[in-house]
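As C-alpha cells, the structure follows; a few thoughts come after it.
The values are calculated or read from the model by the stated rules, or taken from the named source; none is laboratory data. From a predicted model like this one, the values you see are computed outputs, not experimental measurements. Reconstructed Cβ throughout: ideal geometry from the backbone, glycine too, with neighbour counts over all protein chains shown. For accessibility, only protein heavy atoms count, side chains too; no ligands or nucleic acids. Shrake-Rupley method; radii C 1.70, N 1.55, O 1.52, S 1.80 Å.
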Amino acid sequence: MAPNKPDDKPWTTMDRRAFLASLGVGVASGLAACQQLPVHYALPFLVAPETVTPGASVHYASTCTACPAACGLMVTVRDGRPIKLEGDPQHPASAGGLCALGQAHIRELYHSERYKGPLIGGAEASWDQVDAEVKRGLDQLGSRKLAIVSPPVSSPTARRALEAFASAHNGWFIEYDARPAVPSAALEAWELVTGRALLPALDFSRTDVLVSFGADFLGTGAEVVAHTAGYAARRRAHDKRGPLRHVQVEGALSLTGAAADERTPVSAHDQRDLALHLLKRLGVDASILPGLRECSNPALVDRLATLLSESRGASVVISGSDDLGEQVAVALINEKLGNVGTTMDVTRPSLATRGLDRELLALEEALFAGQIGALFAMPGIDPVRQLPNGAEWARALEELPLAVTLSDHETTTARSCRIVAASHHGLEMWGDAMTRPGVVALVQPTIRPLLNTRHPIEAILRWAGEPPTSYLTHLQRSWRSRTLASASDFDASWARTLSTGVPSISATVSEFLPPPKPRNTAGIHAALAAPTSHADVEFTVELMAEVGTGDGCHAHNAWLRELPDPLTRVAWEPVVRISPATATRLGVGDGDVLAVSVGRATVTMAARLMPGMEPGVLGVPVGFAAANGYALAAVEGGRIRTSGLAAQVSATGQHVK
C-alpha cells in the first residue's frame with residue numbers, strides 16, 4: 001500500500017499505545033463479566049494397580065446398551081477411564097460395526113447433567129428412603145395394578161426379573177419401541193402368520209432382489225448395524241453372484257432409499273395399494289382382497305413381480321409401514337416366494353424389537369381410568385414425550401400414588417414422577433443381551449460408578465423383595481443355571497466370555513421364545529380387507545427418526561445433536577422435509593418456518609427442500625424437545641399411526657438461517 005499523502009485524512013487519530021491500552025481494558029472487562037462454571041474431574045488412579053501401566057490403553061469386550069440392538073462393543077480404557085467405543089469384530093451379528101448412537105454413548109457417561117443420585121419430589125434422597133417409599137407404595141396398591149413400561153428388553157436375565165416383578169403384583173410388563181421405522185404393525189402381521197409377534201431375522205448377504213416399501217433398515221431400523229453389514233457383504237459379492245437389485249418404494253426420502261438402485265416416490269396410501277397389488281400379481285387368491293383400488297402404477301407392479309419371481313428363495317420384501325394390511329401382504333409375499341427359511345428366519349427370529357401397540361394402549365386406558373396404582377418407567381423410554389397423549393400421561397403420573405422413573409438423565413417423564421431412581425450408565429454396569437435366540441452376549445462395566453447411582457434391574461430386584469446383592473451375583477447365578485448350564489467348568493467359561501464378549505456355548509433357543517399360536521386366517525383376511533385411510537388428502541405426514549437423535553432418548557447428547565443428518569445436512573435443529581413441488585405450492589424455500597397440523601396438534605419447524613420426496617408428503621422428524629414430531633402421531637384402530645397422517649400445512653412468515 002502506498003504511504004498516505006499529506007492531504008490524506010488518517011483512518012484514526014489513535015496511536016499505537018492508546019490502542020493497546022484500550023484493548024487491554026476491553027479484554028479485562030469482558031473476562032470479569034464471565035462466570036466460571038465449577039470444574040468436575042474424573043480422576044485417574046491415585047495409586048495404580050500393579051496390572052495397570054499408566055498411559056497404556058486396555059481393551060474390554062462388552063455389549064452396547066444405547067439401543068435394543070445390543071451390538072458387540074470394544075471399549076478402550078486408559079488409566080481406569082473409558083475413552084473410546086468401537087465395534088467388536090467377534091460379535092456374530094454386528095461383526096465389528098457400531099452406529100452413531102453407540103459411538104457417542106460414551107459422551108453420556110461424563111455428561112454434566114447426569115443424575116447425581118436418587119430424588120423424591122425433586123429433592124435429593126438416599127437409597128434407603130427411596131426403597132422405603134417404593135415398598136410402602138407397593139403395599140398400598142390394593143385392587144389397583146402395577147405397570148412397568150420399558151423399551152424392548154434384549155437381556156434375558158433382566159426380562160425374567162421384570163416379568164417376575166410385574167407378575168407378583170398382578171401387573172403389566174409393557175414393551176414399546178418408539179422408533180417410527182419399527183412399527184408395531186409388522187409384529188402384528190407376523191403374529192397372524194407365524195403365531196409369534198416377532199420379526200424374522202433377515203439375511204441380506206444371501207439376497208439377490210430386495211424390495212422395500214418404506215423400510216429404512218440402513219438408517220433408523222431395528223438392527224441397523226447388522227443389516228448394513230449383510231447389505232454391504234452382498235454388494236461386495238457382485239463379482240461372484242451378480243449385482244444385488246434393490247428397489248425402494250417410499251414417500252419421504254430415507255437413507256435406505258438413497259442407497260437403492262431404483263427408487264419410486266409414492267404416498268403412504270399408494271404404497272399400501274402397490275403392496276396389495278403385488279400380492280395379487282404373484283398369484284394369491286383375489287377373493288381375499290375385496291375392494292382393492294385400481295393400481296396407480298401397474299408397470300412397477302409387473303416389473304417387481306418379474307424380478308421377484310426370478311429370484312424365489314433369494315429375495316426379501318419388507319415394509320416400514322404402520323398399516324397392518326400392508327404388513328400382512330408383505331409377509332404373504334415372502335411366503336409365496338419361498339423366502340421364509342432362506343433369507344428370512346422365523347425359527348430364530350430377531351429379538352431386537354418387541355411390544356404391540358394394542359398392549360400399550362390398553363395400559364394407557366387403564367392408567368387414565370385410575371386402575372393403575374404404581375408405574376415404573378425403565379431407562380430408554382419417555383412416554384410423556386413419545387406418545388400422542390403425552391400431556392394426559394403427564395397428568396396421570398403426577399396424580400399416581402407411586403410413579404418411578406429409572407434413568408441416568410432427566411426426561412420429560414421424570415419431571416412428572418415423584419421418584420427418580422438414578423441409574424448406572426451402560427459402561428458402569430453388568431448385564432447380558434440376546435438379539436437372536438440362543439446367542440447371548442455379556443455387558444461388563446469398564447469403570448466404577450461415578451455417582452450415587454444403582455443398576456436399574458438391581459433396584460427392581462430389591463423392590464421385589466430379593467435379598468440385597470450385587471447384580472453381578474444375580475447375573476452369574478442366572479448364567480450358571482441357564483446360559484452356561486452345560487459348561488463343565490463355569491468359572492473358565494465365564495472368564496472366556498468376559499474376554500470375547502460372547503460365550504462359546506449357545507443357550508437353548510426355545511427357552512427364549514414365546515409359544516407359537518395357530519395361524520390366524522380370519523385376522524389375515526380382515527387386515528387385507530380393511531380400507532385404505534386418508535386416500536384423498538392434499539398433504540400427509542410421515543414421522544421419521546434422524547440418524548443422530550433417533551427416538552429422542554439420546555437427544556441430550558451434544559455429539560449426536562451436532563452430527564449433521566446425512567440427507568438434510570442440518571445439525572442441532574429439526575427440519576420438515578418437503579419436495580420442491582410442495583415448496584412451490586406453498587411459496588416457501590429452505591429455512592422458511594412451516595406450521596404442520598394433524599388433528600389438534602401443531603408443530604412448527606423450518607422447511608428443508610429435498611429432491612426425491614413425493615409431492616404432498618411431509619417428512620417430520622421426532623426426538624426433538626423444541627418441536628416434538630411425536631405430537632402429530634395418532635391412535636387409529638388400536639394402533640399408533642406415524643405415517644399417512646392427513647395434515648394441514650401453512651407458512652408462518654418466519655425464517656431460520
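Over the chain, accessible surface divided per residue gives 44 Å², non-protein components excluded, 1.4 Å probe. As a calculated quantity, the FRET efficiency between Glu365 and Thr306 at R0 = 35 Å, using C-beta atoms, amounts to about 0.15. Ordering Asp565, Asp489, Asp536 by accessible surface, largest first, gives Asp536, Asp489, Asp565; the 1.4 Å probe counts only protein heavy atoms, with every chain in place.
The listed peptides 450-462, 579-591, 353-365, ordered by packing as a protection proxy, come out as 450-462, 353-365, 579-591 (highest mean of other Cβ atoms within 10 Å first). Between Asp139 and Ala391, the FRET efficiency estimated from the beta carbon spacing at R0 = 25 angstrom works out to 0.25. Extension gain for His238-Asp491 works out to 86.6 nm (0.36 nm per residue, less the C-alpha to C-alpha distance).
How high is the relative contact order of the chain, in percent, with contacts defined as C-alpha pairs under 8 Å that are six or more residues apart? Averaging sequence separation for qualifying contacts and normalising by length gives 17 percent for the chain. Taking a sphere under 14 Å around the Cβ of Ala369 and counting the other residues whose Cβ falls inside, with K and R at +1 and D and E at -1, yields a net charge of -1. Judged by the gyration tensor of its Cα atoms, with axes a ≥ b ≥ c, region 264-315 is oblate; a/c meets the 1.5 cut and b/c is at least as large as a/b.
Near Ala259, no amide H atom lies under 5 Å from its own; only residues 5 or more places off or on other chains count, and H is placed 1.01 Å from N. Placing a label point 7 Å from the Cα of Ala299 along the Cα-to-Cβ line, the residues of region 240-268 whose backbone N sits under 16 Å from it are 262-266. Ranked by the mean number of other Cβ atoms within 10 Å of their residues, highest first, the peptides 216-228, 321-333, 391-403 fall in the order 321-333, 216-228, 391-403. Using just its DSSP H runs of length 4 or more, each adding -39500 (n - 2.57), the chain gives a mean residue ellipticity at 222 nm of -9000 deg cm²/dmol after division by all residues. Calculated from the structure at hand, Kirkwood radius over Cα pairs in Å is found among (i) 26.8; (ii) 32.6; (iii) 28.1 as (i).
In this structure the amide hydrogen of Ala601, modeled in the peptide plane, comes within under 5 Å of no amide hydrogen from residues 5 or more places off or on another chain. The mean sequence distance of close C-alpha pairs (under 8 Å, at least 6 residues apart), as a share of the length of region 247-356, puts its relative contact order at 21 percent.
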